[in-house]
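The values are calculated or read from the model by the stated rules, or taken from the named source; none is laboratory data. Just so it is clear, the model here is predicted, and its values are computed rather than measured. Note that each Cβ is placed from the backbone with ideal geometry, even for glycine, and that neighbours are counted across all protein chains shown. Surface areas here come from the heavy atoms of the whole protein model, side chains and all, with no ligands, DNA or RNA. Shrake-Rupley method; radii C 1.70, N 1.55, O 1.52, S 1.80 Å.
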Amino acid sequence: MQNLFLALTLLLPLRAEQPNILMILADDMGYGDLGCYGSLQIETPVLDKLAAKGIRCTDGYVCANVCAPSRAGLLTGRHPQRFGFEHNLNKAFPTLPERLGIPVDQKTIADHLKKAGYRTSLIGKWHVGDSVPGMLPNARGFDYFFGMRSGSHNYFPKPDKNHLFRNNEPIRKIDHPYLTDWFTHEAIAQMTSGKDPFFCFLSYNTPHTPMQAKEEDLARFAHLKGKRRQTYAAMQWSMDQNIGKILDHLREHKLLENTLIVFYSDNGGSVTASHACNAPLRGMKGSFLEGGIRVPFIFHWPKGLPSGTTFVHPFTSLDLLPTFGAAAGKQLPPRITKKGKKKIVNHDGRNLLPFLRGEVEKPPHEALYWRMTMRGAAIREGDWKLLINVHTPPALYNLAEDISEKKNLYHEMPDKVANLWLKLNQWQEALEDTPHWQEDPYWQGYNRKLYTHTYWLTQPKKDEEYNGVKK
Ligand code: CA
């Protein structure tokens, strides 16, 4: 009894300190599609304020340029190539169902936080495997799931025509006509004060296609030319206002001070499909140009992080797992362990908290790496980036001087190219697996165009017509 009391006394102060964690993910949102990232057309007052009171990151990256591998990396904290998850899911590919998703032996952020005493929930898009029951959210550390298992959804679901689930039960009754509102409602229900802190992964599909918005939100942007851009702005506005409702809820319940909120996008904006804008970055979703992998990234945690600062060092979404582990006071397995002669990389990220707090001034990483075998690979080290795209010539850029990647220095700096290419190869050689499936060859022609489109490199003015790429 005495031992139990002692154990409880030791545990209680830790529990009291553990922050709630709210991770809000947008889907295919452009680097330049928030007011605080320079948009002159899209209005996002709530997120602008969140950034102003938290930390706005200029060089936040995702680990992949399309939805599913980006999410697989985020959830496991490991480069998804380490477990064969290199492309978007391709159900037409001839492989075993248990190969098509995050393998069931991989631990997720939710597994770790659940073990640390958190109530865990996933609201919205899953998209990292549903072909065997062991791959579904409730089997991957999430106590509660509401949303879709796949990559997109109609924003106005119908009782007999939707693919939404509450845990493992299909939805047959529509509680809210517009999906972004419904996800918000579901998320708020999970964000209650209780003896355990919460971890909520709010995975909006906004502003992914299909382009669908509420009439009242479209009316707000009636001045914008082009239905698609108008709809994009209205969808972003709806998400922003919904995040405002969540912040109000947290404030009213005195939870805001000690909730770590992270907001970012799973990959760059889809310029052609949804008329997102990544300016000043070139490229888009699917490419290894900056517009495909660099995204808006905001941290907000009044009790644990500075307010009103800008973080300029490069980092990736793989860093969130160790960052959340540190915030939760949870001892994660070390980054690297050895089994005999074999080196096991348990996670690829760094705890960002000391960097975000300014306690450590150097960048969190020496280099960042990307690869999708059928499309290309890239490395960023300091200001330099080497991009090996399989369908267009290789390129070397200095991002400090050339954020829009307009001047290819590949032939001018052979030593720099050789040095970066060697590091990129060494990273690839150390990956433990090969892709468990390949994407449809259709995407190869698409991939070439991603590098040859003429993109907008400055933001369209308030009323200027914007149709994605220039003709
Ligand atoms: Ca996406």
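Taking amide H as placed 1.01 Å from N in the peptide plane, the amide H of W456 sits under 5 Å from that of K470, each at least 5 places away or on another chain.
Between T458 and I344, the modelled label-to-label distance comes to 5.5 nm, taking each label 7 Å out from Cα in the direction of the beta carbon. The trypsin sites (Lys or Arg not before Pro) found in segment 56-161 that occupy coil by DSSP, while having at most 11 further C-beta atoms within 10 Å, are K91. Counting only protein heavy atoms and using a 1.4 Å probe, the accessible area of L256 comes to about 30 Å².
Put the Cα centre of segment 49-73 next to the Cα centre of segment 338-353 and the gap is 22 Å.
Counting only heavy atoms of the protein chains and using a 1.4 Å probe, R251 has close to 120 Å² of accessible surface. Other residues lying with their Cβ under 10 Å from the Cβ of N389 contribute a combined charge of +2, Lys and Arg counting +1, Asp and Glu -1. Note on Y442 and K362: with the Förster distance fixed at 60 Å, the Cβ-Cβ geometry gives a FRET efficiency of about 0.90.
Subtracting the Cα-Cα distance of Q426 and H163 from their residue separation scaled by 0.36 nm leaves 90.5 nm.
Among the protein heavy atoms, those of S404 account for about 10 Å² of accessible surface (1.4 Å probe, every chain in place). Take the Cα of V312, step 7 Å toward its Cβ, do the same at R172, and the gap between the two points is 5.9 nm. For the chain, rounded, prolate or oblate, judged on the Cα gyration tensor with a ≥ b ≥ c (square roots of eigenvalues), a/c < 1.5 rounded, else prolate if a/b > b/c? It is rounded, given that a/c, with a ≥ b ≥ c, falls under 1.5.
In the chain, the calculated helix contribution to ellipticity at 222 nm averages -8000 deg cm²/dmol per residue, counting -39,500 (n - 2.57) for every DSSP H run with n ≥ 4. How many angstrom lie between the C-alpha centres of segment 256-327 and segment 119-175? Their Cα centres are 24 Å away from one another.
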